[in-house]
Each structure stands twice: as structure tokens, then as C-alpha cells.
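Notes to accompany the following structure.
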Amino acid sequence: MQTTNVIGLGYIGLPTAALLASNGIQVYGMDCIPHIVDTINAGNIHIVEPGLKKLVQTVVKDKKLIAYTTPQKADVYIIAVPTPFKENKEPDISYVKAAAEEIAPYLEEGNLIILESTSPVGTTENIKKWVLEKVPALCDKKLYFAHCPERVLPGKILYELVHNDRIIGGIDSESTQKAVHFYKQFVEGELLETDAKTAEMTKLTENSFRDVNIAFANELSCICDKLGINVWKLIELANHHPRVNILQPGPGVGGHCIAVDPWFIVSSAPHEAKLIRTAREINDDKREFVIGKIESILEKEGIKKVTCLGLAFKPDIDDLRESPAMYIVEKIAERNMQCPITVVEPNIDNLPAKLAQYHNVRLNNEIEKAIKDADIIVILVDHTPFKKLPTDIWVGKEVVDTKGIIGGSL
Ligand code: SAJ
């Protein structure tokens, strides 16, 4: 059985490492943050994901998963590090480059290096280049490189890791075959073979497809607001057509994937990617639209107590990355210093530092009290506890409902 070293123990790396280990594979995990390594080796986890803690506990106890702050020798290396974008929206692949350079001294003839991080087209080829630049002696050795983009949905990661189809693209056909053989060990979905560049572009395309479709819903919500039409009802009606399936509007698009990946396409083909760029802009602008709604109420009514429901980028998770809710709360706090803002986010225990710096923002997870004490309620995330609130709780409040929980018109 092949030993595996998973580089990056975050939202993708840790569940993948735990799943591989539970399939009898000896897994070494690597993360540069010592606290994460210690947490995992103690059988705990540092992220919220259903079922993950139990799985990690078991495989750590069985010593099938051991975490380190440095790479370990293995047959297969999986790179699952972040690929954010820079201020100018250009992809930042420095973590992938660092991972490639870190594992290079450990590589041996026959090793397979898999990139799972969502990456701009050409990154898998670049990993080979970076590895050989770091350790030129490896030029004489046969190494295999493939891209197999992760495509799991936070909240359903353990199920989707096994059941989703996977795109597998090597830099040559032997690399593709090696990677297919590897994923066969634990994936029940179909393993779809292609080349590395197409695999990279497929992942970017999937997330851009979703971004473009959400942008359509968000644009509709702004049009409906102007025309006095309830967008939620409108979408429900239109979706009765057998070939129409409009997604849901919201306060914008968040997360480390859909809000980021389309920019990787725009950066590779700026002139051609017109629709993809516009969709990104529409989804980002939706945050400003929501801020405008809140501020027009504040302008009309003076200083009022505001309660914001939700900070995460989507329901029932603790992930705040690129969250439109975070952005909106921060901007409101910054521009309306006199206005007391209570945040309710049942999935976190402390305010993130970005918000804690504002003296007018506090966290209170007693949901009903936080609503009763406020004049203006802004629903930013459709967390389950919010959807279960009694309907009379909204009576007498100004509500900005960006998720259609109470069926408002925004
Ligand atoms: N959203 C809407 N309206 C909708 C659906 C989503 O506003 O109708 C918003 C969400 O609130 C959130 C954002 O979009 O802010 C993204 O949420 P999501 O659930 O659509 O997707 P992610 O970011 O959690 O995961 C996506 C998935 N990609 C696709 O569905 C094409 C997932 O399969 C990928 O693995 C993941 O990106 C990734 O890692 O790339």
C-alpha cells in the first residue's frame, strides 16, 4: 500500500488525509502551523465539518494519520494548500510553489505528486519545473505529476470525497494513469481522465459557471427591488418552467472558491473573459447594494441599534473566508461609528479580529434577545437556527432580508 504525504491540512487536506488513512493507507500530514499539527495529533480538529472529528480521532489513535510541520518521505504527495488571489485579483500561487520546493528534497524515482488546490492553468507543469529547479538531480528520475481538483462542498466533504466524480489530468499519460490508480483506492465516483491543463480549467469553469448563475439571480434581485417585485416569488414561479433553474440571490458570493476562481480565468484571458468578469463584479457589487439599503434606513431613522444575523459565507458553517456578510458588517461598523451593531453567528465563539477592532460591534449568540434588542435586523446568512425563529419575532422591526428567510422583497 502506498504511503501518502498530504501537504496542507485545511478544509480539503485534513478530510482527504483522514479518509485515506481510514482506507488503510499510511498517511503523513504536513502543515506549517504548529498549532494545527498539535491539534490533529491530539485527535482533534481545527475546522467545523460534520463527521470529521470522529474520523480524525480514530485514524490518529490507530497511528494511520500522523501530522508534522515538515514533509515526510512517501510514495504519493498531495498538495492541498490555499491558492488565494492578490490585491490586483491576480492568482497567488506562492503556497503551491513553496510546497513544491519543500517536498523536492524528499522526492524519489517513481513518486507521484498530485495538485488538488484549485489553480490557474499551467500550475501542474510549473510544479515539475519548481521541483527540478530546487533539486536538479531529480532530472534523471521519473516523477509523475497530475492535477485532480477538489470539488467537495463544505458541510458535505466526507460524503462528496468518496462519491463525487473526479477529473484527473497528468502532465503525461503515465502520470494520469498513476493518479487514477491512486484515487481508485477510495473514490466511488467516476474517475475522468484528461490532461493537466484541461483538469485545471475544468475546475475553474465549474466555479465560474456557478458564479455567473448566481450573478443572474443577484442582478434580478436589484431589478426587482427597483420595480417593486418580490424576487423570491419571481424565481419560484420562473423555475416552474422545465428548462429554467435560477439560483438564489444573497448578499454577494463568498468562500475561497467561487469568489476567487473566476479571476484565475480572467487573469489568463482578460480580453476574452468578459461575462465571467462581469459576473464577478455583479456579485461583489451586491454587497454595496445591501450596505446602501441598511444605510438608507439609518439615514431616515437616525442612530438605531442594528443586529446582523450571520457572518459565515454560507449557511451552517464557520468559514468566514471572502464572506460578504463579514464585508457588510465591517463597512457598516466603519462608516457608522455611533451605531451599535450586534452580530449573531452561532458557529463562532469570538468576534474575528477584523470586527473586534470596532468598539461599536459585539457578538451575542442569544439569537432571540439580539433580535428583540435591536431596531434594524439584517439577515445575512440563512443559518438553520435563523430559519426556525418564530414568525412574530420580526414584528415592529425594520428587516433587511438578503436571503429571503422571511420572504421580504430584497
Ligand atoms: N450562493 C448564492 N446563491 C446560490 C448558491 C450559493 O448566493 O443559489 C452563495 C453562497 O451563499 C456562498 C457562495 O455562493 O456565499 C458559494 O457557495 P456554494 O455553496 O455555491 O459553493 P462553495 O464555495 O461552498 O463550494 C463550491 C462548489 N462548487 C460548485 O458548486 C460548482 C464546490 O463543489 C467546490 O468544491 C468548491 O466551490 C471549491 O472548493 O471550489
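The table below gives the values:
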{"quantity": "Search result, residues across the stretch 221-244 that are surrounded by 16 or more Cβ atoms within 10 Å (Cβ to Cβ) and within 13 Å of the ligand (Cβ to nearest atom)", "calculated": "Ser221, Val231, Trp232, Ile235"}
{"quantity": "Matching residues, the stretch 1-54, being under 24 Å from Ala104 (Cα atoms), out of contact with any helix residue (DSSP H, G or I) (no Cβ under 6 Å at 6 or more places or on another chain), away from the ligand (no atom under 16 Å from the Cβ) and among the aliphatic types (A, V, I, L, M)", "calculated": "Met1, Ala17, Leu20, Ile25, Met30, Ile33, Ile36, Val37"}
{"quantity": "Considering residues of the stretch 156-172 that are surrounded by 16 or more Cβ atoms within 10 Å (Cβ to Cβ) and within 12 Å of the ligand (Cβ to nearest atom) only, the residue nearest to Thr124 (Cα to Cα)", "calculated": "Ile167"}
{"quantity": "Filtered residue count, the stretch 164-191, keeping only those that are assigned to a loop (DSSP other than H, G, I, E, B), under 16 Å from Ile79 (Cα atoms) and touching a residue at least 60 places away in the same chain (Cβ under 8 Å)", "calculated": "0"}
{"quantity": "Qualifying residue in the stretch 403-410 (condition: surrounded by 21 or more Cβ atoms within 10 Å (Cβ to Cβ) and of a type in the set (A, V, I, L, M))", "calculated": "yes"}
{"quantity": "Filter result for Glu125 (part of a helix (DSSP H, G or I), out of contact with any Asp or Glu (no Cβ under 7 Å at 6 or more places or on another chain) and farther than 26 Å from Tyr11 by Cβ)", "calculated": "no"}
{"quantity": "Residue within the stretch 248-261 that is among the charged types (D, E, K, R), in a helix (DSSP H, G or I) and either within 30 Å of Val121 (Cα to Cα) or within 20 Å of the chain's Cα centre (by Cα) (or both) present", "calculated": "yes"}
{"quantity": "Residue that is over 24 Å from Ser221 (Cβ atoms) and surrounded by fewer than 22 Cβ atoms within 10 Å (Cβ to Cβ), where the choices are Leu298, Leu351, Leu247", "calculated": "Leu351"}
{"quantity": "Residues located in the stretch 309-339, provided they are within 11 Å of the ligand (Cβ to nearest atom), out of contact with any Leu (no Cβ under 8 Å at 6 or more places or on another chain) and among the hydrophobic types (A, V, I, L, M, F, W, C)", "calculated": "Ile317"}
{"quantity": "Residue within the stretch 321-331 that is within 15 Å of Leu298 (Cβ to Cβ) and in contact with a strand residue (DSSP E or B) (Cβ under 8 Å, 6 or more places away or on another chain) present", "calculated": "yes"}
{"quantity": "Failed item, numbered, when Asn218 is tested on (1) over 27 Å from Ile282 (Cα atoms); (2) within 14 Å of the ligand (Cβ to nearest atom)", "calculated": "(1)"}
{"quantity": "Leu115 being surrounded by 15 or more Cβ atoms within 10 Å (Cβ to Cβ) and either more than 16 Å from the ligand (Cβ to nearest atom) or over 19 Å from the mean Cα position of the chain (by Cα) (or both)", "calculated": "no"}
{"quantity": "Extreme residue, surrounded by the fewest Cβ atoms within 10 Å (Cβ to Cβ), among residues of the stretch 173-193 that are within 26 Å of Gln26 (Cβ to Cβ) and among the polar types (S, T, N, Q)", "calculated": "Gln185"}
{"quantity": "Residue in the stretch 194-207 that is outside any strand (DSSP E or B), hydrophobic (A, V, I, L, M, F, W, C), within 16 Å of the ligand (Cβ to nearest atom) and surrounded by fewer than 17 Cβ atoms within 10 Å (Cβ to Cβ) present", "calculated": "no"}
{"quantity": "Residue within the stretch 219-235 that is in a helix (DSSP H, G or I), within 23 Å of the chain's Cα centre (by Cα) and under 28 Å from Ser267 (Cβ atoms) present", "calculated": "yes"}
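Conditions (1) out of contact with any strand residue (DSSP E or B) (no Cβ under 9 Å at 6 or more places or on another chain); (2) part of a helix (DSSP H, G or I); (3) among the acidic types (Asp, Glu), marked per residue:
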{"position": "Val6", "(1), (2), (3)": "no, no, no"}
{"position": "Val37", "(1), (2), (3)": "no, yes, no"}
{"position": "Asn88", "(1), (2), (3)": "yes, no, no"}
{"position": "Ile103", "(1), (2), (3)": "no, yes, no"}
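Every read-out reported here was derived from the displayed coordinates using simple, explicitly stated rules and does not represent laboratory data. Given the structure is predicted, the values throughout are model-derived calculations rather than measurements. Positions of Cβ are backbone-derived with ideal geometry, glycine not excepted, and every protein chain shown enters the neighbour counts.
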